[in-house]
Amino acid sequence: MCILVLEQNQHVLQPADEYPTTDGQPMAETEIHLLAMLHLIGALRYFFRQQKDVYVIGNMLFYYHKGDPQARRAPDVMVAFSLRVLCNGCFCVI
């Protein structure tokens, strides 16, 4: 299981059409993997419920290099701190 913790104080941009919202890969390899992801995301959302600037999500594409749609990851669990704007279906950070 891959877990990415994102701490960023930069702007998050809306994706252009060249940033797909799917990579065609399955969400989880097994039922146990899927349940672990869902429980961990739920537990982290509960833990950070009072903090409005923390966003917890999983299996969503994260683009980390502007202009390069191949520079991406889809972590099983992602925790974003100080997030200003959320893109529809993916994150784009410069």
Any residue in segment 18-34 that is aliphatic (A, V, I, L, M) sitting within a Cβ distance under 8 Å of a residue that is at pLDDT below 75 and surrounded by 10 or more Cβ atoms within 10 Å (Cβ to Cβ)? List the pairs, counting only those 6 or more apart or interchain. Leu34/Met27; Leu34/Ala28
Strands (runs of 3 or more DSSP E) within the chain that include 3 or more residues in contact with a Leu (Cβ under 8 Å, 6 or more places away or on another chain) and modelled with pLDDT under 80: 90-92
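Hey, can you tell me all the residues within segment 63-78 that are farther than 27 Å from Leu44 by Cβ and in contact with a Cys (Cβ under 9 Å, 6 or more places away or on another chain)? Explain how you work it out, then say what you get.
Step one: filter segment 63-78 for residues farther than 27 Å from Leu44 by Cβ, giving 66-70.
The one that is farther than 27 Å from Leu44 by Cβ and in contact with a Cys (Cβ under 9 Å, 6 or more places away or on another chain): Lys66.
The values are calculated or read from the model by the stated rules, or taken from the named source; none is laboratory data. This structure is a prediction, so every number in the text was calculated from the model and none was measured. Note that each Cβ is placed from the backbone with ideal geometry, even for glycine, and that neighbours are counted across all protein chains shown.
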